[in-house]
Amino acid sequence: MNNVIKALFFLLLISTVTTVKSQPNLKLVPVIEGNWWTVAGNPDLGELTSDQQQPVDFGIWQAADSTWQLWSCIRKTKAPGKTRLFHRWQAANLTDRDWTPMGIAMQADTTLGEEPGGMQAPYVTPIDNIYHMFYGDWNRICLATSLDGITFERNLRDGSPALFGDPAETNTRDAMVLHENDTFYTYYTAHPDQIGAVYLRTSPDLETWSESTKVAYGGQAGGDKFWLAECPFVVKHPSGYFYLFRTQSYGKVVDGVTEKAPKTSVYRSKSLYDFGVDDDQYFVGTLPVAAPEIFRHQGQWYMAALLPDLQGIRIAKLGWAPQP
């Protein structure tokens with residue numbers, strides 16, 4: 001019986017692959033597979049702990065010693081200014097639950113021009129065997145680097161960690177970086193006039209940067225509020241298409257009760273420069289998550305996202321299915 005089942009499964013797999021190849025325009029959409037597991041909760045920040053604090057935008061990666069690292073922006077703490085700081089967790093395995101809290105990892109350095117309490121959305125990726133952490137300081141996208149992927153130091157250029165920032169764009173934040181064809185594509189959020197959009201800047205070397213281009217805005221997700229195009233995350237699918245995940249709602253939590261579900265829109269495009277501005281030509285669907293980070297490990301796709309009650313971070317396996 002086992003051999004029969006294996007044979008049927010093999011035929012089904014071949015059929016699916018053949019169908020996808022024979023329909024190059026078939027739209028695949030991301031789907032959550034199985035159950036979520038919680039990896040981080042709301043941490044103890046010592047004297048900076050607040051009963052209103054929330055773990056929000058985060059980064060997750062595997063360090064040089066193979067441990068898994070997670071840094072999250074904690075907002076509404078007792079830190080001065082904008083109230084935000086970075087906290088770190090660690091685990092031996094990606095599939096572990098309740099990773100070990102490792103304490104406050106980084107706070108704003110006002111001597112370097114960072115906004116007090118303005119730390120936002122760390123994103124880490126290894127480049128040439130050096131771990132690069134891109135983060136927001138409320139007004140600029142900044143860079144810190146590490147050899148081991150655990151301890152980071154700000155990368156200073158002319159005494160500043162900033163890579164770029166445009167006061168006209170307002171609250172430049174939520175950066176992530178995709179390396180494609182010898183070019184670094186940095187997607188981020190800003191909200192001039194309280195209108196949120198996803199922007200892109202490119203660089204050949206992480207030092208010189210292009211002017212910004214608006215790559216996603218408006219459409220079914222809306223465009224008249226600053227939070228409608230947050231936490232952009234772009235991945236390249238083996239099909240050759242690029243997928244943009246754009247959070248339009250963190251959900252609504254009142255007195256610890258989730259009254260409104262989080263929501264992220266997904267767009268599919270052949271171009272890294274266009275995921276729909278004032279239109280939905282690339283829109284493929286939504287997911288009930290906020291601030292997702294998508295990555296692959298040992299051939300399996302995963303998604304990490306905020307808990308619906310904004311009290312921690314969770315992970316699930318991610319799959320790709322034909323659009324209904």
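Structural remarks
- Summed over segment 113-127, residues that are over 20 Å from the mean Cα position of the chain (by Cα) and under 19 Å from Arg157 (Cβ atoms) total 3.
- Single residue of Lys225, Lys270, Lys214 found to be of a type in the set (Lys, Arg) and more than 25 Å from Glu180 (Cβ to Cβ): Lys225
- Residue match in segment 179-195 (condition: at pLDDT below 95, part of a loop (DSSP other than H, G, I, E, B), of a type outside the set (Val, Ile, Thr) and at negative phi): yes
- Some residue of segment 233-245 being part of a loop (DSSP other than H, G, I, E, B) and crowded, with 19+ Cβ neighbours inside 10 Å: no
- Qualifying residue in segment 165-174 (condition: in contact with a Leu (Cβ under 9 Å, 6 or more places away or on another chain) and modelled with pLDDT of 95 or more): no
- Note on segment 128-164: residues that are among the small types (Gly, Ala, Ser) and under 19 Å from the mean Cα position of the chain (by Cα) total 3.
- Residues in segment 50-80 that are outside any strand (DSSP E or B), surrounded by fewer than 20 Cβ atoms within 10 Å (Cβ to Cβ) and polar (S, T, N, Q): Ser50, Gln52, Ser66, Thr67.
- Positions within segment 114-146 being outside any strand (DSSP E or B) and either touching a residue at least 24 places away in the same chain (Cβ under 8 Å) or closer than 17 Å to Ser203 by Cβ (or both), in sequence order: Glu114, Glu115, Pro116, Gly117, Met119, Asp128, Asp137, Trp138, Asn139, Arg140
The values are calculated or read from the model by the stated rules, or taken from the named source; none is laboratory data. Quantities reported herein were computed from a predicted structural model and do not represent experimental measurements. Positions of Cβ are generated from backbone atoms using ideal geometry, with glycine treated the same way; all protein chains shown enter the neighbour counts.
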